[in-house]
Amino acid sequence: QAKNAGRGLFSFFSDEMNRLAQERRTLETALRDALKNQELHLHYQPQIELASGQLYGVEALARWTHPELGPISPARFIPLAEECGLIADIGRWALGEACRQLAQWRTQGLRVPSVSVNLSPSSFHDLDLPDMVAQTLQRNALLPQDLTLELTESILLDTNPSTMKTIEAVHAHGVRLSMDDFGTGYSSLSYLRRLPVSELKLDRSFVADLEHNESARALSNAILGIGQSLHLTVVAEGVETLAQRSMLGMQGYPVAQGFLFAHPLAPSELTEWLLQQGQTTTEVEKVGHSSK
Ligand code: C2E
Ligand code: MG
Ligand code: MG
Ligand code: MG
């Protein structure tokens, strides 16, 4: 009987594994089609300068709505894209699309200082990335400082010999690099001397615990200190409450993003938001004059 039960359990697991493998294949095919059929979109989340309330930049975040399955989270399809070799295509697409959109907002007289694009480590394997970035900027009449590339600490586990070269070439061109989800991944800080990043993003797990947890407060303060002493801009992620915002403000955080300010927004929604905030080029000129 025990033998039968064992077999039952085994066939349960193998059925389940088959089902998962099948589901994965289906999703993989769907993702390939999504790229071709333009089912992928970018939403943009504002990043706010805490002292002035001015817009610092926007982060582009990929969205996928499958015609039958509905919205699928990037937490699900980005890892899938990494596994099935589609992530380089998604990276190129996101870069092109984010730069095109930034240029369009500028043409409309809206003030968007820069756009951040998330790239997976394998995008940096591509030695053509620096040229591609330069061409994309040029095609959209943008400057290198209009673009920030976000990478995660997992880039450090990447042993591909092209990675460092590509990162340095992109940096040499004047594009800013940002370390995303800072504080959650790698255990050594020495890499901050080797990687030419100009921005750190405090992971939102620290922000979430700020109000109730002494050590989260100590860590967010320490991370700001590290950033400042290396002349990096530190951006707090995932700010949802006024209490979190004011604690970060008191600690001296220059920039924050999170649902408190705005969710990631579709381009037309961000346009609305910018107009509501008075983030137009003429407004900025006025501010510039009065402060002289
Ligand atoms: P991330 O780059 O760290 O992006 C921040 C995530 O936090 C986003 O989730 C955003 O919607 C969410 N978020 C923003 N504010 C708040 C808040 O106040 N509270 C909470 N709870 N969450 C907040 P999203 O859009 O689901 O993206 C998840 C991750 O997927 C991203 O984390 C990024 O690592 C990856 N990802 C998204 N788009 C792309 C892309 O185009 N390329 C690559 N390679 N990765 C991407
Ligand atoms: Mg990011
Ligand atoms: Mg992040
Ligand atoms: Mg993340």
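The values are calculated or read from the model by the stated rules, or taken from the named source; none is laboratory data. Since this is a predicted model, take the numbers as computed values, not measurements. Cβ sites come from the backbone with ideal geometry, for glycine too, and all protein chains shown count toward neighbours. Side chains included, ligands, DNA and RNA excluded: accessible areas come from the protein's heavy atoms. Shrake-Rupley method; radii C 1.70, N 1.55, O 1.52, S 1.80 Å.
The table below gives the values:
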read-out: Test: residue in the stretch 112-131 that is more than 15 Å from ligand 4 (Cβ to nearest atom), under 24 Å from P267 (Cβ atoms) and assigned to a helix (DSSP H, G or I); value: yes
read-out: Enumeration of residues in the stretch 184-202 that are surrounded by fewer than 19 Cβ atoms within 10 Å (Cβ to Cβ) and not charged (D, E, K, R); value: T184, G185, Y186, S187, S188, L189, S190, Y191, L192, L195, P196, S198
read-out: Enumeration of residues in the stretch 246-259 that are out of contact with any helix residue (DSSP H, G or I) (no Cβ under 8 Å at 6 or more places or on another chain), assigned to a loop (DSSP other than H, G, I, E, B) and either more than 16 Å from ligand 4 (Cβ to nearest atom) or open to solvent by 60 Å² or more (accessible area, probe 1.4 Å) (or both); value: P254, F259
read-out: Residues satisfying the stated conditions in the stretch 218-245, i.e. open to solvent by less than 20 Å² (accessible area, probe 1.4 Å) and of a type outside the set (G, A, S); value: I223, L224, V234, V235, V239, Q244
read-out: Inter-residue pairs, beta-carbon under 8 Å, first within 16 Å of Q45 (Cβ to Cβ) and in the stretch 247-260, second surrounded by fewer than 18 Cβ atoms within 10 Å (Cβ to Cβ) and not hydroxyl-bearing (S, T, Y), 6+ apart; value: V255/E49; G258/E240; F259/E240; L260/E240; L260/L242
read-out: Helices (runs of 4 or more DSSP H) wholly inside the stretch 159-217 containing at least 2 residues that are within 18 Å of E240 (Cβ to Cβ); value: 204-209
read-out: First in the stretch 203-215 and free of Cβ contacts under 8 Å to residues at least 12 places away in the same chain, second anywhere and assigned to a helix (DSSP H, G or I), Cβ under 7 Å, 6 or more apart; value: D209/A216
read-out: Enumerated strands (runs of 3 or more DSSP E) restricted to the stretch 6-75, each holding at least 2 residues that are within 16 Å of ligand 4 (Cβ to nearest atom) and either under 22 Å from L95 (Cα atoms) or in contact (Cβ under 8 Å) with a residue 60 or more places away in the chain (or both); value: 40-49, 55-66
read-out: Residue match in the stretch 150-166 (condition: among the aliphatic types (A, V, I, L, M), within 13 Å of ligand 1 (Cβ to nearest atom) and either under 21 Å from S178 (Cα atoms) or open to solvent by less than 10 Å² (accessible area, probe 1.4 Å) (or both)); value: yes
read-out: Of the criteria (1) closer than 29 Å to W273 by Cα; (2) part of a loop (DSSP other than H, G, I, E, B), which one A98 fails; value: (2)
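Residue-wise test of (1) open to solvent by 30 Å² or more (accessible area, probe 1.4 Å); (2) more than 15 Å from ligand 2 (Cβ to nearest atom); (3) under 28 Å from A256 (Cβ atoms); (4) touching a helix residue (DSSP H, G or I) at 6+ places or on another chain (Cβ under 6 Å).
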residue: G57; (1), (2), (3), (4): no, no, yes, no
residue: S73; (1), (2), (3), (4): yes, no, yes, no
residue: E83; (1), (2), (3), (4): yes, yes, no, no
residue: I90; (1), (2), (3), (4): no, no, yes, yes
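Table: residues versus (1) open to solvent by 40 Å² or more (accessible area, probe 1.4 Å); (2) closer than 30 Å to V207 by Cα.
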site	(1), (2)
V112	no, yes
Q135	yes, no
Q145	yes, yes
F182	no, yes
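Residue-wise test of (1) touching a strand residue (DSSP E or B) at 6+ places or on another chain (Cβ under 6 Å); (2) of a type outside the set (K, R); (3) open to solvent by 20 Å² or more (accessible area, probe 1.4 Å).
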{"position": "L27", "(1), (2), (3)": "no, yes, no"}
{"position": "R32", "(1), (2), (3)": "no, no, yes"}
{"position": "L35", "(1), (2), (3)": "no, yes, yes"}
{"position": "Q38", "(1), (2), (3)": "no, yes, yes"}
{"position": "H43", "(1), (2), (3)": "yes, yes, yes"}
{"position": "P46", "(1), (2), (3)": "yes, yes, no"}
{"position": "Q54", "(1), (2), (3)": "no, yes, yes"}
{"position": "A60", "(1), (2), (3)": "yes, yes, no"}
